[in-house]
Amino acid sequence: MRAIKSTLRLGQEMLRGLGSSHILHQAGWLAAAKIAQGVASVAASLAIARHLGPAAFGELSLAIAVANFVAIGASLGLEHIATRELTLDGERPDRPILPTLRRLRLAGAVIGTIVILATSVLPYADGFRIAGLLLVLSLLPLAQVGDLAEWQLIASGRSRRIAQIAILLSPLMAAARIGLVFLDANITAFAWVLIAEWALRTALLLLSTQGSFFDSRARTTAWVAEARSLLKDSMPLLIAGVAVFIYMRIDQFMIAGMLDARHVGLYSAIVGLAEIPLILPTLLLRAALPTLTRQSSRDAASRNRTLEGLMRHAFYLHLAVAVVLAVLASPIILVVYGEAFAEAAAAFRVQVLAAPFVALGVLSSAWLVLNQSTAHALRRTLAGAIANILLNLLLIPRLGILGAALATLAAQLLSTYLADLGYPATRELFKMKTRAMLPGSRGSS
């Protein structure tokens, strides 16, 4: 009880620290969206896991992991770059960037669909029957093109629209999944619901832009050069995003190769729970980036103080939540997933401890974007991915899914914190993170 009260107190301090800023307003709406999605997702996932059991749930999780991996590539790493550029669009009304971004996003989606179709014919480990699932999930990159409309809404300060869509759609689709459980649906039905959810989300986001998404004003002689410039900035973030996925999800693929579908199901279940606290830093980054972009053009020191404050509050809030979840790991797993998943509690206890460092890493991405140091995002994430793979090879055969959780924790510490110390250009970011983790510390002016 004391730990829970401490967590709530930290949350209140975080809100007071942010005050009534535009960041807090935007983050509030994004928080509402993520809370709606998170609650609905958890409810549906536990129902599906109980219905399918660890082995079949492992197959579904592996297929979705493959599709999500490709979908990350289909986004071309444009999210933060697009938010930055769309925020600055008001300063250049004669040269809108949206038509170029739209071409890039659609091209990426088409390529992603083709790649997933190709992966459906690849051989997978014995006991995994996911080819049919991948045929359905090949539609995922196309269904996700509405994320560009979401970035557009964030850049224009209309996060409320995103929240309204999430609050409407997420519970509806969770209810559809739970309904399929009661109907004793097969595993493929749950893949179709995922595609339907993303397609509906895209349609609603496009409607929310009130037609501005389809703005066709673009100089045909300039868009290729603009696209090349955007991709030059986004490619390090794309590769970093792929590397993030590798060290966040490679465990599932390596468990599939070294163990079996049942263990993939156990590990996938606890990963889903452990990632719930990570909603906050992601939405804070998305909400804060337009404000930090404007601050950066006026006063970099003020921007750094704002960012450091965000990192401090997020780190301690996530640390408190991680401690509570680690202490209550066994009863949480039993209540949420049942006795069939009980042995995953030890891995869950370790997995949640990565959350404070993930919060630092996510929020620090704003500093890299605004300082045009996105190449470092690639370096540090590749370091984490390589460390995770090597540690998985060492630990999974000895400790099973607990070894995979330990490997992820070590990789997160390396990539989100220690890697910044290794490069002169990012040592200031390392110092900012260190100050953020020290109680009572304040950034330099």
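The values are calculated or read from the model by the stated rules, or taken from the named source; none is laboratory data. As the structure is a prediction and not an experimental result, all values here were calculated from the model. Cβ placement follows ideal geometry from the backbone for every residue including glycine, while neighbour counts extend to all protein chains displayed.
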Q. How many of the residues making up the stretch 392-421 are farther than 16 Å from F357 by Cβ and assigned to a helix (DSSP H, G or I)?
A. 12
**Q.** Cβ pairs under 7 Å, 6+ apart, first in the stretch 41-57 and at negative phi and basic (K, R), second crowded, with 17+ Cβ neighbours inside 10 Å and assigned to a helix (DSSP H, G or I)
**A.** R50/Y337
Q: Considering every residue within the stretch 155-178, establish whether at least one is β-branched (V, I, T), under 19 Å from the mean Cα position of the chain (by Cα) and modelled with pLDDT under 80.
A: yes
Q: Keeping to the stretch 123-182, report how many residues are closer than 28 Å to G257 by Cβ and part of a helix (DSSP H, G or I).
A: 9
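Table: residues versus (1) among the hydrophobic types (A, V, I, L, M, F, W, C); (2) in contact (Cβ under 8 Å) with a residue 60 or more places away in the chain.
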{"site": "A322", "(1), (2)": "yes, no"}
{"site": "L325", "(1), (2)": "yes, no"}
{"site": "V335", "(1), (2)": "yes, no"}
{"site": "E339", "(1), (2)": "no, no"}
{"site": "V350", "(1), (2)": "yes, no"}
{"site": "F357", "(1), (2)": "yes, yes"}
Q | Among the candidates L391, L406, residue that is free of Cβ contacts under 8 Å to residues at least 24 places away in the same chain, over 24 Å from T83 (Cα atoms) and surrounded by 18 or more Cβ atoms within 10 Å (Cβ to Cβ) | A | L391
Q.
Quick test of your reading of the structure: G361 fulfils all but one of (1) crowded, with 24+ Cβ neighbours inside 10 Å; (2) farther than 18 Å from L278 by Cβ; (3) in contact with a Ser or Thr (Cβ under 6 Å, 6 or more places away or on another chain). Name the failing condition by number.
A. (2)
Q) Within the stretch 358-380, can you find the residues that are more than 14 Å from the chain's Cα centre (by Cα) and over 13 Å from L307 (Cβ atoms)? A) Q372, S373, T374, A375, H376, A377, L378, R379, R380
Q | All positions within the stretch 84-114 that are at pLDDT 85 or above, more than 18 Å from L238 (Cα to Cα) and crowded, with 21+ Cβ neighbours inside 10 Å | A | none
(Q) Go through (1) over 17 Å from M437 (Cβ atoms); (2) out of contact with any Leu (no Cβ under 6 Å at 6 or more places or on another chain); (3) of a type in the set (A, V, I, L, M) for A359 and report which single condition fails. (A) (1)
Q: Could you check how many residues of the stretch 294-315 are touching a helix residue (DSSP H, G or I) at 6+ places or on another chain (Cβ under 7 Å) and modelled with pLDDT of 75 or more?
A: 13
**Q.** So E428, is it surrounded by fewer than 22 Cβ atoms within 10 Å (Cβ to Cβ), among the acidic types (D, E) and farther than 21 Å from Y267 by Cβ
**A.** yes
Q: Only residues that are small (G, A, S) and at positive phi: list them for the stretch 366-402, please.
A: G400
